[in-house]
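Have a look at the structure below before the remarks.
The values are calculated or read from the model by the stated rules, or taken from the named source; none is laboratory data. Since the structure is predicted, the reported quantities are computational estimates derived from the model, not experimental observations. Ideal geometry is used to build each Cβ from the backbone, glycine not excepted, and the neighbour counts take in all protein chains shown. Quick note on the areas: whole protein, heavy atoms, side chains included, nothing else; ligands and nucleic acids left out. Shrake-Rupley method; radii C 1.70, N 1.55, O 1.52, S 1.80 Å.
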2 protein chains.
Amino acid sequence: MTDLYQQTCEVCRADAPRVPVDEAEVMLEEIPLWRIQQQEGVKQLARNFKFKNFIEALAFTNTVANLAEEEGHHPKLVLEWGSVEVVWWTHKIKGLHKNDFVMAAKTDKLYEG
Amino acid sequence: MTDLYQQTCEVCRADAPRVPVDEAEVMLEEIPLWRIQQQEGVKQLARNFKFKNFIEALAFTNTVANLAEEEGHHPKLVLEWGSVEVVWWTHKIKGLHKNDFVMAAKTDKLYEG
């Protein structure tokens, strides 16, 4: 199977299936630093990235934001001094699509540089 | 009195006083779209700004981030498609300093353009 980070987002419709738990567990093995959280009933993938100051955290915010625009899939980015929390989920299906795992893997690659 | 947005942040020490409630109420009149919220016992000033897409929200994130670096006082910025939530508080005193009201007023000015 192609690594997640090498894949691209596919068009997602409102009736697209959410990722089943067993598939989610397999994909999480490729992105072990991400956690699945639930916000108002919606499952999301989240990871907190650390930086040594505000400027570096801001730069990473922009890098992930540019990726989001390229792929047409947008996360929540929580920027604070020294950290950025990235949260991926698919609004249309109110949960996790495979695209979110792909984007999480790509985010990891951007962090690794 | 000089308008809040025209003031600059003063150096804040850990033993600086938090803003008393009556002073906070007076300053809030200058920034009526901000709310005071409590997060784990820490009072914060928060406002949600709306945009027509992700790119405009990202641009505002950068504008506020640049102000933060200039003033040496950093907020939490929650960037999503079409919105940015800006949250100001003073970590050193675990609450609201006058600086936070000044920064909120400056943030409003940046949004007004």
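Please tell me if A:Glu25 is without any contact (Cβ under 8 Å) to a residue 24 or more places away in the chain, of a type in the set (Asp, Glu), surrounded by fewer than 12 Cβ atoms within 10 Å (Cβ to Cβ) and not in a loop (DSSP other than H, G, I, E, B). Break it down stepwise before answering.
On the way: without any contact (Cβ under 8 Å) to a residue 24 or more places away in the chain: yes; of a type in the set (Asp, Glu): yes; surrounded by fewer than 12 Cβ atoms within 10 Å (Cβ to Cβ): yes; not in a loop (DSSP other than H, G, I, E, B): yes.
When the stated conditions are applied, A:Glu25 passes them.
Out of all the residues in region A:64-113, which are more than 11 Å from every other protein chain (Cβ to nearest Cβ) and open to solvent by 40 Å² or more (accessible area, probe 1.4 Å)?
If the condition is that a residue be more than 11 Å from every other protein chain (Cβ to nearest Cβ) and open to solvent by 40 Å² or more (accessible area, probe 1.4 Å), then A:Glu70, A:Glu71, A:Lys92, A:Lys94, A:Lys98, A:Lys109, A:Leu110, A:Tyr111, A:Glu112, A:Gly113 are the ones that fit.
Tally time: how many residues in region B:52-63 are open to solvent by less than 50 Å² (accessible area, probe 1.4 Å), more than 10 Å from chain A (Cβ to nearest Cβ) and either among the charged types (D, E, K, R) or free of Cβ contacts under 8 Å to residues at least 40 places away in the same chain (or both)?
0
Within the group A:Thr61, A:Thr2, which residue is under 13 Å from the mean Cα position of the chain (by Cα) and among the β-branched types (Val, Ile, Thr)? Steps first, please.
Working: A:Thr2 fails: under 13 Å from the mean Cα position of the chain (by Cα).
Matching residue, one of A:Thr61, A:Thr2: A:Thr61.
Just one of the numbered conditions (1) modelled with pLDDT under 95; (2) touching a Leu at 6+ places or on another chain (Cβ under 6 Å) is not true of B:Lys92; which one?
(2)
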